[in-house]
Amino acid sequence: MNAAQSMNLGRLLTHTARLYPQHTALIQGEQRWTWTQLNQRVNAMVSALRALGIKKGNRILLQSRNNLQTFENCWVAFKLGCVWVPTNFRLTPPEVAYLGASSGAVAMIVEDCFQAHTDAVLAASDTLKHIIVIGQPRAGEWSYETLISQHPDAVDAEETVVYDDPLWFFYTSGTTGKPKAGILTHGQMAFVINNHLADLIPGTTEQDCSIAVAPLSHGAGIHALLNVARGAATVLMPSEKLDPAQFWHAVERHRVTNMFTVPTIIKMLVEHPAVDEYDHSTLRFVIYAGAPMYRADQKLALQKLGKVLVQYFGLGEVTGNITVLPPDMHSAEDTDPNANIGSCGRPRVGMEVAILNDRLEPVETGEIGEICCRGPAVFAGYHGNPEATAKALRGGWFHTGDLGRIDERGLLYITGRESDMYISGGSNVYPREVEEVLLTHPGVAEIAILGIPDEKWGEVGVAVVVRREGVNAVEAAELLGHLEGRCAKYRWPRHFVFWDAMPKSGYGKIVKKDIKVLLIERGDITLPPA
């Protein structure tokens, strides 16, 4: 049976460029590009890559900080019918090498400051054929800008796709260690963009402006798609290091109306004195996700910014589309019934959320179970990992691995996680990945890393270490040095505790919940106020 064709998601850029050709599309520092310029560059690169033999279904790996080329090359991949495989630019060369090899990427678009990452991918991959460099290429590599300049007359020519054709590998780690590529499709993402526009930034037009303060490889990149769909400009910060004064100046200068970020960044921005020095009255939607926000931080943000906060809950596998807590469901007053303290909101339009028990049965209202969802935002599975796909989608539901409850109004409250994963500064941290690296140190016999609440980062890692006998006693500084170059810094534990022995179960397994209790009882950690 022939499948019905779907709109190629790249068509969104084509539509916007035709509607608003001379409107500003992208701003970084003193540079500006219009929708016509952006679309012409994308079309030129599409033609260039087709000429290199890159075709529908091929994977294109990206290793770059936020810049013009990063902003536009997802649209290049979409129009080609290829799969965009962006990395978090902070990952180490071995980590990116795994993404390149496991995705089967045939091309890599890379900033010239990441030569070690390029070499690592080349060594690990047997599919990579083309290296396209943002900046100065080496021998055998292509210049990104030269390729664009070779096709000045390129026109819109999107590849024909069907609903389930993949367009983005959204890498998300698992408790088993290695990252998994969640397959996002053209049809799924068309729903997601419409849903985000309706639930997160309703009424957005070409007169609006967004600002990106996080890497475009993940949530900020999804948010950028929404603004492109409506013709709203995006402001990129001039460097990857966030300067709150610079940020608030940009908000005032460009009359920014919406943004996506994580609670730790909001906390940093509203606690900085610059929040009171610049005009941010144009902000209508400040969207936060990725971690719970402490009530004190939420209240300060509402006091400084007004009723502009929008919270959503969702994983990469459903592109954030599980629940939403819009501005009118936030309040700085604890006694206000609209405060909805502790809730992450109502189900998203078109999505069903349920709390299931171990038998995949819905629990009673208010009871705790696993948070599951179903609907058009759910991904197509994990690339090359049918076992993980079957586990995540068992019973016809997407299983988040998070525990929670739903109240009588249908609002969701997250109570914990089934896995050991914790969220630090908006980034998922899977302890086993870091534990495996630290266990390669000769001074470490056993280790357990777990997340504990932290006022600044939401959660941070504490590593409980049993030293190996007969070896010079290892200390925290040495273990941090061992992580250097082997593991991205945002995954590093913030605290190290050294014990003589680990609590074990009857089966000889390290039990992390017992470790957390002991950490508190022994006074090794102090939890911040809720």
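Filtering N58, N73, N66 for residues that are polar (S, T, N, Q) and within 14 Å of V106 (Cα to Cα) leaves a single hit, N58.
Once region 105-126 is narrowed to residues that are of a type in the set (G, A, S) and over 21 Å from the mean Cα position of the chain (by Cα), the residue that is nearest to N73 (Cα to Cα) is A107. Anything in region 282-292 that is open to solvent by 30 Å² or more (accessible area, probe 1.4 Å) and at pLDDT 95 or above? List them, or say none. Across region 282-292, the qualifying residue is only R284. Among the conditions (1) modelled with pLDDT of 95 or more; (2) part of a loop (DSSP other than H, G, I, E, B); (3) touching a Lys or Arg at 6+ places or on another chain (Cβ under 6 Å), D164 misses just one, which is (3). Residues in region 350-359 that are under 18 Å from Y312 (Cα atoms) and touching a strand residue (DSSP E or B) at 6+ places or on another chain (Cβ under 8 Å): M351, E352, V353, A354, I355. Put simply, of P327, P362, P376 the only residue that is out of contact with any strand residue (DSSP E or B) (no Cβ under 9 Å at 6 or more places or on another chain) and either more than 29 Å from P166 (Cα to Cα) or of a type outside the set (D, E) (or both) is P376. A Cβ distance below 9 Å, combined with a sequence gap of six or more or placement on separate chains, defines the contacts here; from region 329-340, residues that are closer than 14 Å to A296 by Cβ and of a type in the set (A, V, I, L, M) reach residues that are open to solvent by 20 Å² or more (accessible area, probe 1.4 Å) and part of a loop (DSSP other than H, G, I, E, B) in the pairs A332/K307; A339/A332; A339/E333. Does E111 satisfy the condition of being of a type in the set (D, E, K, R), more than 22 Å from A139 (Cβ to Cβ) and open to solvent by 10 Å² or more (accessible area, probe 1.4 Å)? Taking the combined requirement at face value, the residue does not satisfy it. Quick one: would you say R359 is of a type in the set (K, R), more than 19 Å from T261 (Cα to Cα) and surrounded by fewer than 17 Cβ atoms within 10 Å (Cβ to Cβ)? Yes. Is there a residue being polar (S, T, N, Q), under 19 Å from L315 (Cα atoms) and assigned to a loop (DSSP other than H, G, I, E, B) anywhere in region 424-435? Within region 424-435, none of the residues are polar (S, T, N, Q), under 19 Å from L315 (Cα atoms) and assigned to a loop (DSSP other than H, G, I, E, B). For region 252-275, filtering for residues that are more than 16 Å from G425 (Cβ to Cβ), open to solvent by less than 10 Å² (accessible area, probe 1.4 Å) and of a type in the set (S, T, Y) leaves 0.
Yes or no, residue by residue, for (1) in contact (Cβ under 8 Å) with a residue 24 or more places away in the chain; (2) hydroxyl-bearing (S, T, Y); (3) open to solvent by 30 Å² or more (accessible area, probe 1.4 Å); (4) under 14 Å from P86 (Cβ atoms):
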{"site": "L128", "(1), (2), (3), (4)": "yes, no, no, no"}
{"site": "Y144", "(1), (2), (3), (4)": "yes, yes, no, no"}
{"site": "L167", "(1), (2), (3), (4)": "yes, no, no, yes"}
{"site": "S210", "(1), (2), (3), (4)": "yes, yes, no, no"}
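Filtering A154, A190 for residues that are touching a residue at least 40 places away in the same chain (Cβ under 8 Å), in a loop (DSSP other than H, G, I, E, B) and surrounded by 18 or more Cβ atoms within 10 Å (Cβ to Cβ) leaves a single hit, A154. Within region 169-187, the set of residues being β-branched (V, I, T) and either under 14 Å from the mean Cα position of the chain (by Cα) or surrounded by 19 or more Cβ atoms within 10 Å (Cβ to Cβ) (or both) comprises T172, I183, T185. In region 40-79, which residues are in contact with a Pro (Cβ under 9 Å, 6 or more places away or on another chain), closer than 18 Å to H186 by Cβ and surrounded by fewer than 22 Cβ atoms within 10 Å (Cβ to Cβ)? Of everything in region 40-79, just one residue is in contact with a Pro (Cβ under 9 Å, 6 or more places away or on another chain), closer than 18 Å to H186 by Cβ and surrounded by fewer than 22 Cβ atoms within 10 Å (Cβ to Cβ), namely G57.
Take the conditions (1) under 26 Å from K241 (Cα atoms); (2) modelled with pLDDT of 95 or more; E95 misses just one of them, which is (2).
Across region 492-511, the number of residues qualifying as modelled with pLDDT of 90 or more and either touching a Phe, Trp or Tyr at 6+ places or on another chain (Cβ under 7 Å) or open to solvent by less than 60 Å² (accessible area, probe 1.4 Å) (or both) comes to 6.
Inside region 16-27, residues that are surrounded by fewer than 18 Cβ atoms within 10 Å (Cβ to Cβ) and not hydrophobic (A, V, I, L, M, F, W, C) make up a count of 4. Answer with yes or no whether L411 is touching a residue at least 24 places away in the same chain (Cβ under 8 Å), surrounded by 13 or more Cβ atoms within 10 Å (Cβ to Cβ), hydrophobic (A, V, I, L, M, F, W, C) and more than 15 Å from V324 (Cα to Cα). No; evaluated as a whole, the condition is false for this residue.
Residues in region 75-128 that are charged (D, E, K, R), farther than 21 Å from G219 by Cα and touching a Gly at 6+ places or on another chain (Cβ under 8 Å): 1 in all. Restricting attention to region 196-207, the residues being buried (at least 21 other Cβ atoms within 10 Å of the Cβ) and part of a loop (DSSP other than H, G, I, E, B) number 3. Among the conditions (1) more than 21 Å from L412 (Cβ to Cβ); (2) surrounded by fewer than 18 Cβ atoms within 10 Å (Cβ to Cβ), R295 misses just one, which is (1).
P326 passes every criterion in (1) without any contact (Cβ under 8 Å) to a residue 40 or more places away in the chain; (2) surrounded by fewer than 19 Cβ atoms within 10 Å (Cβ to Cβ) apart from (1).
Inspect region 185-197 for any residue being of a type in the set (G, A, S) and under 22 Å from G350 (Cβ atoms) and give the result as yes or no. Scanning region 185-197, I find at least one residue that is of a type in the set (G, A, S) and under 22 Å from G350 (Cβ atoms), so the answer is yes.
The values are calculated or read from the model by the stated rules, or taken from the named source; none is laboratory data. Given the structure is predicted, the values throughout are model-derived calculations rather than measurements. Neighbour counts run over all protein chains shown; Cβ positions are idealised from the backbone, glycine included. The accessibility values were calculated without ligands, DNA or RNA, using every heavy atom of the protein model including side chains. Shrake-Rupley method; radii C 1.70, N 1.55, O 1.52, S 1.80 Å.
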